[in-house]
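Data block below; observations after.
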Amino acid sequence: MKKLLFIVFALLVASDALAQGGASIALGKTYTSKFLMTFSATGTEIAADATPTCSLYEETTASPLSISGNMTLMSGTTNVYYIQYVMSTANGAEAGKYYNNVCTATVGGLTQNITNDHFKVTATEGTTGYDPIDITALTELAQAAPSATPSLQAAIMALYMALRNQVLVTNTLKSFTNDAGTVIYKKTLSDNGTTFTEAEAVSGP
């Protein structure tokens, strides 16, 4: 019995750079997916019986995005197909969401559905060629001890508040405030004549 072997690989295109499947792509950029099909009985690369199709799904949504459709045979090849998606808001893409690309192909009479790659759409690039970052304005931290494993936003805000806002220092205490002057977190100070110590931060006030 002859068996078919599908060799699948994916390419994500963001700006002029390539990223592996499972990575991220900025909102508004073009995603390109390819996959290669080989007939394993003889090792000869053959074309699909009909044009392969792909459907792009957002996370657990049952219906694919409207930009799903047919793949295109790459010029000069026998069996390398690709499909491109413009991951824009107009096409239904959302920053922060994950997407799965499911392709269907029939080769030698055997039809298979292949989830050949997945990726996350991130915020629009601030500067072309650089990884996108969340450019949403940050909110001041609530009153609490700073986490040992903060998010990037929380870590940046803790430092920014210490630089910008009022800092109250006594012989035994250093207190960090928000814009309104409320103590958000504080550190006990001590000096035994040999070593000056700032204790780990705790919640205010």
Inset, instruction - Collect the residues in the stretch 38-60 that are surrounded by 13 or more Cβ atoms within 10 Å (Cβ to Cβ) and under 30 Å from A123 (Cα atoms), keeping them in residue-number order. - result: T53, C54, S55, L56, Y57, E58
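Quick check on the stretch 188-205: of everything there that is loosely packed, with under 11 Cβ neighbours inside 10 Å and β-branched (V, I, T), which residue is nearest to L141 (Cα to Cα)? Spell out the reasoning first.
So in the stretch 188-205, the residues loosely packed, with under 11 Cβ neighbours inside 10 Å come out as 191-198, 200, 205.
Now drop any that are not β-branched (V, I, T), which leaves 194-195, 197.
Numbers: T194: 34, T195: 31, T197: 25 Å.
Once the filter is applied, the top-ranked residue is T197.
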Legend entry - Near pairs, Cβ below 7 angstrom, 6+ apart or cross-chain, from the stretch 146-160 (within 16 Å of N178 (Cβ to Cβ)) to any residue that is loosely packed, with under 13 Cβ neighbours inside 10 Å and of a type in the set (G, A, S): A154/S147
Inset, instruction - Name every residue in the stretch 61-87 that is surrounded by 16 or more Cβ atoms within 10 Å (Cβ to Cβ), out of contact with any Gly (no Cβ under 9 Å at 6 or more places or on another chain) and assigned to a loop (DSSP other than H, G, I, E, B), in order of residue number. - result: P64, S68, M71, N79
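Would you point out the residue of the stretch 88-109, among those that are of a type outside the set (S, T, N, Q) and in contact with a His (Cβ under 9 Å, 6 or more places away or on another chain), that is surrounded by the most Cβ atoms within 10 Å (Cβ to Cβ)? Lay out the reasoning, then the answer.
Residues of the stretch 88-109 of a type outside the set (S, T, N, Q): 90, 92-99, 102-103, 105, 107-109.
Still in the list and also in contact with a His (Cβ under 9 Å, 6 or more places away or on another chain): 98-99.
Details: Y98: 15, Y99: 23.
Here the answer is Y99.
So that you can scan it fast, the table gives a plain yes or no per residue for (1) surrounded by fewer than 10 Cβ atoms within 10 Å (Cβ to Cβ); (2) in a strand (DSSP E or B); (3) of a type in the set (G, A, S); (4) touching a Phe, Trp or Tyr at 6+ places or on another chain (Cβ under 9 Å):
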| position | (1), (2), (3), (4) |
| --- | --- |
| M157 | no, no, no, no |
| A162 | no, no, yes, yes |
| N171 | yes, no, no, no |
| K174 | no, yes, no, no |
| G181 | yes, no, yes, no |
Legend entry - Conditions (1) modelled with pLDDT under 90; (2) at negative phi: number failed by G109: (2)
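The values are calculated or read from the model by the stated rules, or taken from the named source; none is laboratory data. None of these values were measured; they are calculated from a predicted model. Positions of Cβ are backbone-derived with ideal geometry, glycine not excepted, and every protein chain shown enters the neighbour counts.
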